[in-house]
Amino acid sequence: LEEDSLFLPLFRYVLQTEMFPLQQYSIDYWEGNDTFSSLYSDRAPEYFTESDDESVENKKKDPGTMETTGKGTSYTVEELSDYDFLLKNFYIVDSTTTMTKEDLNGEKLVKEDLSAKMKEDEPLVLIYHTHGSETYKEEKGKTGSVLDVGKALKKELSTYNITALHDTTIYDQVNGELDRNAAYDYAGDSVENLLKKNPSIKVVLDLHRDSVEDSIHLVTEVDGEDTAQIMFFNGVSRLKSGELAYLENPNKSSNLAFSLQMQLLAAKYYPDFTR
C-alpha cells in the first residue's frame, strides 16, 4: 500500500481497536502514550496542521466576510429551510471540505431544542483555549491574551447565573517552544478528563483569537461601542473526498444547530456581531 492510501489508517484502526484491542491497551497504558503514538499513529495530513504556510497566510489576508444582516433582522423558517440561503448568509465553507443538504437542514437546526437545566453550583459551560498563548496587539500601553477573553466571558456568564469552568492551561507551549499542532492532542485529553469530572457540562467552548493582517480590523458597532466580531467554527469530519471515519463526530448536528441559533440571535439583537 502507498503511505498516503486512505485504506492504511482505516486498516490500522481496525487492527488496534476492533481485532486486537488488547494490543492497543497494553501499549497505551503500559508503555505510555508516547510509545503508542510513535508506533501506530499515521502522519497527520497537512490539512489538519496549523503552520505559517501559504494557505494560512492567504487566510490572514482574506478572513472572509458574512453578508450584512441589517438592523435587527429576523428570518423565517421558510428562508432558513433554503440550503443556498443558509450558505450565502451564515456559513463560510473551508476549501478542504463540503457541506451537504442533510447537514444544513435549516428547519431541523432552528427547531432543535438546545435548552439545558441548570443546577446550582454545577458548571454548565467549559471554556478552554487550545492556543492559550495567542495575544492581542498592544493598545494604549496595555496587552492582553485570549485567556483574558475567557476570563471576561466566565464573569459575564455568571451575571446570568450560568456557572462556567475556565481552563487557563496553555497547551501550545511545549518545553518553552510554540507547538500549535500538538496542542490539540494535549487539550483534547484535558477536556475529556474535565468532562468526566463534571458531567453537568453541556457546552464546551474552545476560544481562539483569529490571525489576520495588521491592515484588517474586524470591528463592528454594538450599542454605540466598538466591538470585535466573532466567528463560530464547526468541524464536520469530512473532506471533499468524503467522510472521515476515524474522526467520528456524534454531536455534529447539535453543534451546527447551536452555532446557527446563536447567529440568529446575534442577527436579531446585535447585527454584524458575527461574521
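A few comments on the model shown:
- Computed with the Debye formula from one identical point scatterer per Cα of the stretch 95-190, without solvent, the log10 of I(q)/I(0) at q = 0.17 Å⁻¹ comes to -1.00.
- Applying a threshold of 32 Å to the alpha-carbon distances of K117/K151; K119/K142; K151/K268; K88/K197 flags K119/K142; K88/K197 as lying beyond it.
- According to the Kirkwood relation over distinct C-alpha pairs, the hydrodynamic radius of the stretch 145-218 is 14.3 Å.
- Applying the criteria of a DSSP loop state and at most 14 other Cβ atoms within 10 Å to the chymotrypsin sites (Phe, Trp or Tyr not before Pro) of the stretch 209-250 yields F233, Y246.
- Between the stretch 241-275 and the stretch 159-219, the alpha-carbon center distance in angstrom: 18 Å
- In sequence order, calculated HN-Hα J values of the stretch 156-169 (Karplus, 6.51, -1.76, 1.60; Hz; x Gly/Pro): 5, 4, 5, 5, 9, 6, 9, 7, 10, 9, 10, 8, 9, 5
- Rg/Rh for the stretch 141-275 (Cα atoms only, Rh after Kirkwood) is 0.96.
- Residues I92, I216, ordered by accessible area of protein heavy atoms at a 1.4 angstrom probe radius and largest first, appear as I92, I216.
The values are calculated or read from the model by the stated rules, or taken from the named source; none is laboratory data. Every value quoted in this text rests on a predicted model; they were computed, and no experiment measured them. Don't worry about glycine lacking a Cβ; one is built from the backbone with ideal geometry, like all the others, and counts go over all protein chains shown. Ligands, DNA and RNA are excluded from the accessible area calculation, which covers all protein heavy atoms including side chains. Shrake-Rupley method; radii C 1.70, N 1.55, O 1.52, S 1.80 Å.
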